[in-house]
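Since the structure comes first, as structure tokens, the remarks are kept for the end.
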Amino acid sequence: MLNEFFISLAIACGAVLAGSLVLHGLALLGPLGKRILSACGRAPLLDFIVAWFTIVPAIAMAIVYGWIGLAGAILGQVIGMTLWCWGHELTHRKAVKGARIVTVLNRVVGRPRNL
């Protein structure tokens, strides 16, 4: 049972990271990539992308492994998005030093509540 949890966690985390790498890779393809990304910003492709990052891993793992797969997939998605956020901030250090919403929210509601 624990194996299914960790397998679904790894698959969901990998799916989120792979999806983000594909989207970042498209930006490097020049004009063709920009056209594809422009199409991804409109329906119906946008719907598929949002589904890929939100519901597809959870549904797939729930179908394959049941409730334990659903729990693993949700945690895997959270871990995948957190890793992507950290990596994105590391590659864009200038933007991290500038004005950010997290800084304002930390001042308004306090750092512990903003986690």
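Computed from the coordinates by the stated procedures, all read-outs in this text should not be read as laboratory data. None of the values given here were measured: they were computed from a predicted structure. Please note: Cβ atoms are built from the backbone with ideal geometry, for glycine as well, and neighbour counts cover all protein chains shown.
Under DSSP H, which helices of the chain have Cα atoms covering 24 Å or more of the helix axis and a Kyte-Doolittle average no less than 0.5?
On the way: long enough: 2-27 (38 Å, 1.70); 67-91 (36 Å, 0.98).
TM-like helix candidates: 2-27, 67-91.
Which FRET efficiency, nearest 0.05, do Leu45 and Leu90 yield, Cβ-Cβ r, R0 30 Å?
Computed FRET efficiency for Leu45 and Leu90 comes out at 0.60.
So what's the back-of-envelope 222 nm ellipticity for the chain, counting only DSSP H runs of four-plus at -39500 (n - 2.57) apiece and dividing by all residues, rounded to 500? Provide the component values of the computation, followed by the final result.
Working: 7 runs with 95 residues, N = 115.
Dividing the helical sum by the residues of the chain leaves -26500 deg cm²/dmol.
Tell me the Kirkwood radius of the chain: reciprocal of the mean inverse pair distance over distinct alpha-carbon atoms, in Å.
Details: mean 1/r = 0.0624 Å⁻¹.
Hydrodynamic radius (Kirkwood, Cα pairs) of the chain is 16.0 Å.
Using per-residue counts of other Cβ atoms within 10 Å, averaged over each peptide, order 94-107, 12-25 from highest down.
Values: 94-107: 10.1, 12-25: 16.9.
Averaged packing, sorted descending, gives the order 12-25, 94-107.
Say each of Ile63 and Leu37 gets a label point 7 Å from the Cα, pointing the same way as Cα to Cβ; how far apart are those two points in nm?
3.1
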